[in-house]
Amino acid sequence: MSLKGALRFLWTYLKPLGARLLLLVALMTAATGLRLLFPQLLRSLVDQTLAGAPLPALLLPAGLFLAGALLIQVLRITATMLSERIAWGATNALRLDLARHVLGLDIAFHKEHTPGELIERIDGDVTTLAGFFSQFVAQVGTSLLLIWGVLVALFVEGWLPGLVGLGSFALNAAAVLSVSSITVKAWSGIRASSTEMMSFVEERIAGREEVKALGADGYVVRGLVAMSAKHWRLRRRARFLETTASNVTVDAWVLSQFAMLLLAFFLYRAGSLSLGTAMMLFFYADLLNEPVNTIREQMDEMQRARAALGRLVKLKAVTPAITDGAGATLPSGPLSVTLDGVTFQYEEGRPVLRNLSFHLEPGQTLGILGRTGSGKSSLIRLLCRFYDPQEGVVRLGGVDIRQLPLDALRSRIGLISQEVGLFGGTLRENLALFNPAVTDERIWAAVADLGLTEWFSRFEEGLDSSIGPAGGGLSAGEAQLLALVRLSLRDPGLIILDEFTARIDPVTEALLQTAVDRLLAGRTAVIIAHRLTTVERADYILVLEQGSMREWGPRSALIQDSGSHYSQLRSAGRQEVMA
Ligand code: ATP
Ligand code: MG
């Protein structure tokens, strides 16, 4: 990434904080100015004392010296507070932007990037930037000012001290430059390894039930140990390089101190300097080391920030393939579903759906059957526009869904998949999906509509009953009943149920079937079934085979046609359809 691109990206977030940044620079400049004055005060104090000045005459420089020292501390504390506020102000805006951006990206993107990796981007990398945001300009600016001020003060005393000062600065800078590039590479390796470790941990924790059940704890721990060991080695190396680097710069500093001390000593002995001036020279030389080091640290910080920034800019540049359409609107009420020559593949050369066409009138129910991997769930993903087909058109209510704003489309579709998403919170929050506009009366009315009032009495605290994180404490069937209520509150124009009854006991299933019947009344529905009973209510049946339409027709007609695949399945009396 170019420096210019990086700066432009930073500026977007720093611009609103421009006034604070200026104030910060002003505070730090003032502190630097005071520090430059200190050796001068010291000189007059020493020289006046040696000249036998009376005590009252010494009080003024001494007082100034003290007051200056205090003022510097106050300025520094204020500057630190301010810089933290700038850092968090700017990076929180960036965090928010990135989180929004990532949430808006396609399902395909999220399949490729684990949540752990994204957290590391949005939090880890952004935190790296925070230090840079708050410190860089002010620190580098004041350091340069300090160097310049010291050199000017030294040259004012004479060309010899000036030259020694310049030489010291050059020596320090050379030492710093020679070692700084070494550490940078090591640090970017560390970030990459921590991202890798985060993803690993996140994925294993998410799959902890499988890990436990399959007795894979050992494998997980071994994996983690290997990753931690690698991480540790990288860190150790980076620290070692860093320490070596700082030793080199300390050596340079000691050498330059020594040179100035030597010069001051000889000039004093030759009588061309007062003792106060000699001390002043030494203190100025001492001031030279710190800003060089600060600049080095800031340069390191900048390298780290640049690496982080590069990743963030790259993340920000990912554009969703699925974007809002031109702004067509859907008709109200139940929606018709039309597929017109739809062909779809996730990966080049491996079509998952082949040339599918069918039409479903508003209010009708379609049952989809097919072996595992035949493309049923993929078809549903196209209806929700999680993906776009490579060929053909998907229409809802007669409108090409690519013409619709995504919100407008998805707010009219109610999808329940096998894995119902529940969240830690109350029953009310889970049913209303955290929408406070949904009243308790509406929720209870929806529950009654679906014939679930009695079932709901099991929640002793009613809608205030709490639900554990990720729906902990509920069975898959129970979660689906809740999902039905949730759907009916949204009043969708198209309902999609994926593998709905796959793991449910007979009693719950009976309850579920009634609820589904009531939910589907007067609505269009697409139901994927693994059992024939589930599609008893369907008006049409679609049988998929390796992504192609093997059979399509009104259910009643297919039953009558004894040669049809569907009626053969029925007469075989098999409940588990395609297993
Ligand atoms: P099941 O009955 O097991 O749920 P399904 O009919 O729903 O199966 P799909 O999930 O639609 O099957 O998958 C159809 C094909 O697409 C499968 O061969 C699968 O491997 C492939 N597939 C599914 N998701 C992806 C993906 N994200 N990337 C690549 N291929 C995928
Ligand atoms: Mg599926």
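The values are calculated or read from the model by the stated rules, or taken from the named source; none is laboratory data. All of these numbers come straight from a predicted model, not from anything done at the bench. Don't worry about glycine lacking a Cβ; one is built from the backbone with ideal geometry, like all the others, and counts go over all protein chains shown. We work out accessible area using only protein heavy atoms, side chains counted, and drop any ligands, DNA or RNA first. Shrake-Rupley method; radii C 1.70, N 1.55, O 1.52, S 1.80 Å.
From ARG85, ARG100, ARG76, grab the single residue that is more than 28 Å from PRO291 (Cα to Cα) and not aromatic (Phe, Trp, Tyr). I'd like the intermediate steps shown before the answer.
On the way: ARG85 fails: more than 28 Å from PRO291 (Cα to Cα); ARG76 fails: more than 28 Å from PRO291 (Cα to Cα).
Going through ARG85, ARG100, ARG76 in turn, the sole match is ARG100.
One residue is enough: does the stretch 337-357 have a residue meeting the conditions in contact with a His (Cβ under 7 Å, 6 or more places away or on another chain) and more than 16 Å from ligand 2 (Cβ to nearest atom)? Before the answer, list the steps.
At the first step, the residues of the stretch 337-357 found to be in contact with a His (Cβ under 7 Å, 6 or more places away or on another chain) are 338.
Add one more test, that the residue is more than 16 Å from ligand 2 (Cβ to nearest atom), and what stays is 338.
Looking through the stretch 337-357, at least one residue is in contact with a His (Cβ under 7 Å, 6 or more places away or on another chain) and more than 16 Å from ligand 2 (Cβ to nearest atom).
How about the stretch 449-473: which of its residues are out of contact with any helix residue (DSSP H, G or I) (no Cβ under 7 Å at 6 or more places or on another chain) and open to solvent by less than 50 Å² (accessible area, probe 1.4 Å)?
If the condition is that a residue be out of contact with any helix residue (DSSP H, G or I) (no Cβ under 7 Å at 6 or more places or on another chain) and open to solvent by less than 50 Å² (accessible area, probe 1.4 Å), then GLY462, GLY468, GLY472 are the ones that fit.
Report whether or not ARG486 is surrounded by 13 or more Cβ atoms within 10 Å (Cβ to Cβ) and more than 30 Å from ALA206 (Cβ to Cβ). Explain how you work it out, then say what you get.
Working: surrounded by 13 or more Cβ atoms within 10 Å (Cβ to Cβ): yes; more than 30 Å from ALA206 (Cβ to Cβ): no.
Answer is no for this residue.
Enumerate the pairs (first residue in the stretch 320-336 and on the phi > 0 side of the Ramachandran plot; second residue anywhere and assigned to a loop (DSSP other than H, G, I, E, B) and of a type outside the set (Ser, Thr, Tyr)) with beta-carbon separation below 8 Å, excluding pairs fewer than 6 apart on the same chain, so at least 6 apart or on different chains.
Qualifying pairs under 8 Å: GLY327/LEU404; GLY327/PRO405; GLY333/PRO362; GLY333/GLY493.
Tell me which residues, restricted to the stretch 306-329, are open to solvent by less than 30 Å² (accessible area, probe 1.4 Å) and aliphatic (A, V, I, L, M).
Of everything in the stretch 306-329, those that are open to solvent by less than 30 Å² (accessible area, probe 1.4 Å) and aliphatic (A, V, I, L, M) turn out to be ALA308, LEU309, LEU312, LEU315, ILE322.
Keeping to the stretch 178-193, report how many residues are open to solvent by 20 Å² or more (accessible area, probe 1.4 Å) and either acidic (Asp, Glu) or touching a helix residue (DSSP H, G or I) at 6+ places or on another chain (Cβ under 8 Å) (or both).
Taking the stretch 178-193 as the starting set, the residues that turn out to be open to solvent by 20 Å² or more (accessible area, probe 1.4 Å) are 178, 180-182, 184-185, 187-189, 191-192.
Next, only the ones that are either acidic (Asp, Glu) or touching a helix residue (DSSP H, G or I) at 6+ places or on another chain (Cβ under 8 Å) (or both) stay: 178, 180, 182, 184, 187-189, 191.
Looking only at that region, the number is 8.
Would you pick out the residues in the stretch 1-19 that are surrounded by fewer than 17 Cβ atoms within 10 Å (Cβ to Cβ) and in a helix (DSSP H, G or I)? Reasoning before the result, please.
Step one: filter the stretch 1-19 for residues surrounded by fewer than 17 Cβ atoms within 10 Å (Cβ to Cβ), giving 1-5, 7-8, 11-12, 15-16, 18-19.
Selection gives LEU3, LYS4, GLY5, LEU7, ARG8, TRP11, THR12, LYS15, PRO16, GLY18, ALA19.
Out of LEU281, LEU263, LEU267, LEU241, report the one residue that is touching a residue at least 40 places away in the same chain (Cβ under 8 Å), farther than 30 Å from PHE155 by Cα and surrounded by 15 or more Cβ atoms within 10 Å (Cβ to Cβ). Reasoning before the result, please.
Numbers: LEU281 fails: farther than 30 Å from PHE155 by Cα; LEU263 fails: farther than 30 Å from PHE155 by Cα; LEU267 fails: farther than 30 Å from PHE155 by Cα.
After ruling out the rest, the residue left standing is LEU241.
So, in the stretch 345-368, exactly how many residues are within 21 Å of PRO554 (Cα to Cα), within 16 Å of ligand 1 (Cβ to nearest atom) and aliphatic (A, V, I, L, M)?
Summing the residues that are within 21 Å of PRO554 (Cα to Cα), within 16 Å of ligand 1 (Cβ to nearest atom) and aliphatic (A, V, I, L, M) in the stretch 345-368 gives 3.
Looking at (1) under 22 Å from LEU406 (Cβ atoms); (2) open to solvent by 30 Å² or more (accessible area, probe 1.4 Å); (3) within 16 Å of ligand 1 (Cβ to nearest atom), can you tell me which one VAL342 breaks?
Unmet for VAL342, out of (1) under 22 Å from LEU406 (Cβ atoms); (2) open to solvent by 30 Å² or more (accessible area, probe 1.4 Å); (3) within 16 Å of ligand 1 (Cβ to nearest atom): (2).
For the stretch 425-443, name all the residues that are within 23 Å of GLY468 (Cβ to Cβ) and either of a type in the set (Val, Ile, Thr) or assigned to a helix (DSSP H, G or I) (or both).
Applying the first criterion (within 23 Å of GLY468 (Cβ to Cβ)) to the stretch 425-443 yields 425-436, 438, 440, 443.
Across the stretch 425-443, the qualifying residues are THR426, LEU427, ARG428, GLU429, ASN430, LEU431, ALA432, VAL438, ASP440, ILE443.
Residues ARG523, ARG574, ARG531, ARG503: which one is at pLDDT 85 or above and open to solvent by 30 Å² or more (accessible area, probe 1.4 Å)?
On the way: ARG574 fails: at pLDDT 85 or above; ARG531 fails: at pLDDT 85 or above; ARG503 fails: at pLDDT 85 or above.
Result of the check over ARG523, ARG574, ARG531, ARG503: ARG523.
Which one of these is in a strand (DSSP E or B) and open to solvent by less than 30 Å² (accessible area, probe 1.4 Å): LEU542, LEU558?
Numbers: LEU558 fails: in a strand (DSSP E or B).
None of the others qualify; the one that does is LEU542.
Output the residues belonging to the stretch 337-373 that are acidic (Asp, Glu) and within 37 Å of the chain's Cα centre (by Cα).
As a first pass, look at the stretch 337-373 and keep what is acidic (Asp, Glu): 340, 347-348, 361.
Residues satisfying the conditions are GLU347, GLU348.
Within the stretch 369-392, count every residue that is open to solvent by less than 30 Å² (accessible area, probe 1.4 Å) and under 22 Å from GLY333 (Cα atoms).
Total meeting the criteria: 5.
Can you pull out the residues in the stretch 369-384 that are under 14 Å from ILE107 (Cα atoms), more than 6 Å from ligand 1 (Cβ to nearest atom) and part of a helix (DSSP H, G or I)?
To start, the set of residues in the stretch 369-384 that are under 14 Å from ILE107 (Cα atoms) comprises 377-378, 380-384.
Narrowing the set further to residues that are more than 6 Å from ligand 1 (Cβ to nearest atom) leaves 380-384.
Hits for the stretch 369-384 are ILE380, ARG381, LEU382, LEU383.
Regarding the stretch 197-207, can at least one residue be identified that is more than 23 Å from GLY124 (Cα to Cα), not acidic (Asp, Glu) and not in a helix (DSSP H, G or I)? Outline the logic, then answer.
In the first step, residues of the stretch 197-207 are kept if they are more than 23 Å from GLY124 (Cα to Cα); the result is 207.
Cutting the leftovers down to not acidic (Asp, Glu) gives us 207.
When the remaining residues are screened for being not in a helix (DSSP H, G or I), the result is 207.
Yes, the stretch 197-207 contains at least one residue that is more than 23 Å from GLY124 (Cα to Cα), not acidic (Asp, Glu) and not in a helix (DSSP H, G or I).
Against the condition more than 30 Å from ILE295 (Cα to Cα), at pLDDT below 90, open to solvent by 40 Å² or more (accessible area, probe 1.4 Å) and in a helix (DSSP H, G or I), how does LYS212 come out, does it pass? Before you say what the answer is, go through the steps one by one.
Working: more than 30 Å from ILE295 (Cα to Cα): yes; at pLDDT below 90: yes; open to solvent by 40 Å² or more (accessible area, probe 1.4 Å): yes; in a helix (DSSP H, G or I): yes.
The answer is yes for LYS212.
Go through (1) without any contact (Cβ under 8 Å) to a residue 12 or more places away in the chain; (2) crowded, with 18+ Cβ neighbours inside 10 Å; (3) of a type in the set (Lys, Arg) and name the single condition ARG402 misses.
(1)
Residues that are touching a helix residue (DSSP H, G or I) at 6+ places or on another chain (Cβ under 8 Å), open to solvent by 30 Å² or more (accessible area, probe 1.4 Å) and farther than 24 Å from GLU297 by Cα: list the helices (runs of 4 or more DSSP H) wholly contained in the stretch 38-138 that include at least 3 such residues.
Working: elements: 55-103, 107-112, 115-119.
Because the criterion is at least 3 residues that are touching a helix residue (DSSP H, G or I) at 6+ places or on another chain (Cβ under 8 Å), open to solvent by 30 Å² or more (accessible area, probe 1.4 Å) and farther than 24 Å from GLU297 by Cα, the helices (runs of 4 or more DSSP H) in the stretch 38-138 that meet it are 55-103, 115-119.
Select, from LEU409, LEU356, LEU366, LEU422, the only residue that is in a helix (DSSP H, G or I) and open to solvent by less than 60 Å² (accessible area, probe 1.4 Å).
Working: LEU356 fails: in a helix (DSSP H, G or I); LEU366 fails: in a helix (DSSP H, G or I); LEU422 fails: in a helix (DSSP H, G or I).
Going through LEU409, LEU356, LEU366, LEU422 in turn, just one is in a helix (DSSP H, G or I) and open to solvent by less than 60 Å² (accessible area, probe 1.4 Å): LEU409.
From THR534, THR514, grab the single residue that is within 14 Å of ligand 1 (Cβ to nearest atom), assigned to a helix (DSSP H, G or I) and either in contact with a Ser or Thr (Cβ under 6 Å, 6 or more places away or on another chain) or within 21 Å of PRO334 (Cβ to Cβ) (or both).
On the way: THR514 fails: within 14 Å of ligand 1 (Cβ to nearest atom).
The unique qualifying residue is THR534.
Looking at the stretch 464-481, is at least one residue touching a strand residue (DSSP E or B) at 6+ places or on another chain (Cβ under 9 Å) and within 16 Å of ligand 2 (Cβ to nearest atom)?
Among the residues of the stretch 464-481, at least one is touching a strand residue (DSSP E or B) at 6+ places or on another chain (Cβ under 9 Å) and within 16 Å of ligand 2 (Cβ to nearest atom), which makes the answer yes.
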